[in-house]
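The values are calculated or read from the model by the stated rules, or taken from the named source; none is laboratory data. Since the model is a prediction, treat every value here as computed from it, not as a measurement. All Cβ positions, even for glycine, are placed from backbone atoms using ideal geometry, and neighbour counts span all protein chains on display.
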Amino acid sequence: MQPAELMEALLELAGEAGLEVRTAGASATADAEGSPASGVCRVQDTVFVVLSRSDPVDVQIEVLGDALREHAAAFIEGRYLPPAVRARL
(Lines give C-alpha, C1' and ligand atoms only; values in the text may rest on other atoms or scores of the structure.)
Protein backbone atom coordinates (compact mmCIF):
# COMPACT_ATOMS: atom_id res chain seq x y z
CA MET A 1 0.00 0.00 0.00
CA GLN A 2 1.40 3.39 -1.01
CA PRO A 3 1.82 6.08 1.71
CA ALA A 4 -0.95 8.23 0.19
CA GLU A 5 -3.37 5.27 0.23
CA LEU A 6 -2.41 4.41 3.80
CA MET A 7 -2.91 8.02 4.85
CA GLU A 8 -6.35 8.09 3.23
CA ALA A 9 -7.36 4.86 5.01
CA LEU A 10 -6.15 6.20 8.36
CA LEU A 11 -7.97 9.51 7.85
CA GLU A 12 -11.20 7.66 7.11
CA LEU A 13 -10.74 5.45 10.15
CA ALA A 14 -9.99 8.46 12.38
CA GLY A 15 -13.17 10.18 11.19
CA GLU A 16 -15.25 7.09 11.92
CA ALA A 17 -13.63 6.82 15.36
CA GLY A 18 -14.62 10.39 16.21
CA LEU A 19 -11.17 11.97 16.12
CA GLU A 20 -11.11 15.54 14.82
CA VAL A 21 -8.36 15.78 12.20
CA ARG A 22 -7.13 19.23 11.19
CA THR A 23 -4.45 20.30 8.74
CA ALA A 24 -2.21 23.25 9.63
CA GLY A 25 0.55 25.23 8.03
CA ALA A 26 -0.84 26.58 4.77
CA SER A 27 -1.34 30.24 5.64
CA ALA A 28 1.11 33.14 5.32
CA THR A 29 0.81 33.69 9.09
CA ALA A 30 1.97 30.15 9.81
CA ASP A 31 4.94 30.62 7.46
CA ALA A 32 5.93 33.86 9.20
CA GLU A 33 5.70 32.29 12.66
CA GLY A 34 7.33 29.00 11.70
CA SER A 35 5.71 25.77 10.65
CA PRO A 36 3.60 23.96 13.23
CA ALA A 37 4.43 20.36 14.07
CA SER A 38 1.96 17.51 13.78
CA GLY A 39 0.56 16.32 17.09
CA VAL A 40 -2.40 15.18 19.15
CA CYS A 41 -4.26 16.94 21.94
CA ARG A 42 -7.44 16.46 23.92
CA VAL A 43 -9.80 19.35 24.66
CA GLN A 44 -12.41 18.14 27.14
CA ASP A 45 -13.86 15.01 25.48
CA THR A 46 -12.63 15.73 21.95
CA VAL A 47 -9.34 14.41 20.58
CA PHE A 48 -7.76 16.64 17.93
CA VAL A 49 -5.10 15.40 15.53
CA VAL A 50 -3.24 18.28 13.90
CA LEU A 51 -1.29 17.35 10.78
CA SER A 52 1.28 19.86 9.56
CA ARG A 53 1.59 20.22 5.81
CA SER A 54 5.31 20.79 6.29
CA ASP A 55 5.79 17.33 7.83
CA PRO A 56 6.56 14.41 5.51
CA VAL A 57 3.67 12.00 4.92
CA ASP A 58 5.46 9.31 6.96
CA VAL A 59 5.47 11.61 10.01
CA GLN A 60 1.79 12.43 9.49
CA ILE A 61 0.99 8.70 9.24
CA GLU A 62 2.90 8.02 12.45
CA VAL A 63 1.08 10.79 14.36
CA LEU A 64 -2.31 9.64 13.09
CA GLY A 65 -1.52 6.00 13.87
CA ASP A 66 -0.39 6.91 17.39
CA ALA A 67 -3.63 8.84 17.95
CA LEU A 68 -5.73 5.91 16.78
CA ARG A 69 -3.82 3.43 18.96
CA GLU A 70 -4.02 5.62 22.04
CA HIS A 71 -7.48 7.16 21.75
CA ALA A 72 -9.51 4.71 19.63
CA ALA A 73 -8.06 1.30 20.45
CA ALA A 74 -11.42 -0.21 21.40
CA PHE A 75 -12.97 1.13 18.20
CA ILE A 76 -10.33 -0.33 15.88
CA GLU A 77 -9.95 -3.61 17.75
CA GLY A 78 -13.24 -5.06 16.54
CA ARG A 79 -13.11 -3.72 13.00
CA TYR A 80 -11.82 -5.30 9.84
CA LEU A 81 -8.80 -3.38 8.60
CA PRO A 82 -6.77 -4.03 5.47
CA PRO A 83 -3.56 -5.87 6.42
CA ALA A 84 -1.33 -2.88 5.62
CA VAL A 85 -3.38 -0.62 7.87
CA ARG A 86 -3.48 -3.15 10.71
CA ALA A 87 0.30 -3.67 10.41
CA ARG A 88 0.91 0.08 10.65
CA LEU A 89 -1.26 0.36 13.74
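A few comments on the model shown:
- Residue list for the stretch 12-55, restricted to those being part of a helix (DSSP H, G or I), surrounded by fewer than 17 Cβ atoms within 10 Å (Cβ to Cβ) and modelled with pLDDT of 90 or more: 12, 15, 16
- First in the stretch 71-89 and surrounded by 10 or more Cβ atoms within 10 Å (Cβ to Cβ), second anywhere and assigned to a helix (DSSP H, G or I) and small (Gly, Ala, Ser), Cβ under 6 Å, 6 or more apart: 72/17; 75/17; 85/9; 88/65; 89/65
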